[in-house]
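The values are calculated or read from the model by the stated rules, or taken from the named source; none is laboratory data. Keep in mind the model is a prediction, meaning the values are calculated, not measured. So basically every Cβ, Gly included, is an ideal-geometry build from the backbone, and we count neighbours across all protein chains shown.
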């Protein structure tokens, strides 16, 4: 997890990215079947965020636990997920389900490809349409 050498540090002495890594370690120590993550990378700089995406991807590849990831970052959701659900505003309802058929394992470079970008734009288009009309149609 990239924390070697920091074993004796207090949490407040770690950077935000290191604190997130420690949190993921804490969540995975008992080898759960389900991992719930609510905006785990939102407060991090883009480079640390992408590094942690790859760590999560690698851990999932090794351990195959289920993950529910709540995020506002469409690129993050498409890179990490097999299925993306878009939710409406209050009351929160699933309004769209989109399977992500990009091959695994996904290298970070895929986030700069037309394939992934097209999916992000498609999702953004649905979200924009939902916001304009207030409609909650799903596909």
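Scan the range 108-129 and tell me whether some residue there is part of a strand (DSSP E or B), outside the structural domain of residue 29 (by TED's automatic domain parsing) and more than 24 Å from residue 24 (Cβ to Cβ). For the range 108-129, residues part of a strand (DSSP E or B), outside the structural domain of residue 29 (by TED's automatic domain parsing) and more than 24 Å from residue 24 (Cβ to Cβ): absent. Any chance the range 87-97 includes a residue that's under 19 Å from residue 28 (Cβ atoms) and not assigned by TED's automatic domain parsing to the domain that holds residue 15? Within the range 87-97, none of the residues are under 19 Å from residue 28 (Cβ atoms) and not assigned by TED's automatic domain parsing to the domain that holds residue 15. Here residue 21 fits the description: buried (at least 16 other Cβ atoms within 10 Å of the Cβ) and either at pLDDT below 90 or closer than 29 Å to residue 5 by Cβ (or both). The single residue among 76, 50, 39 that is under 16 Å from residue 107 (Cβ atoms) and outside the structural domain of residue 94 (by TED's automatic domain parsing) turns out to be 50. If you go through the range 54-66 one residue at a time, do you hit one that is touching a strand residue (DSSP E or B) at 6+ places or on another chain (Cβ under 6 Å) and either touching a residue at least 12 places away in the same chain (Cβ under 8 Å) or in the same structural domain as residue 127 (by TED's automatic domain parsing) (or both)? Scanning the range 54-66 turns up at least one residue that is touching a strand residue (DSSP E or B) at 6+ places or on another chain (Cβ under 6 Å) and either touching a residue at least 12 places away in the same chain (Cβ under 8 Å) or in the same structural domain as residue 127 (by TED's automatic domain parsing) (or both). Which of the numbered conditions does residue 117 fail, given that it passes all the others? Conditions: (1) surrounded by 13 or more Cβ atoms within 10 Å (Cβ to Cβ); (2) at positive phi. Going through the list (1) surrounded by 13 or more Cβ atoms within 10 Å (Cβ to Cβ); (2) at positive phi, residue 117 breaks only (2).
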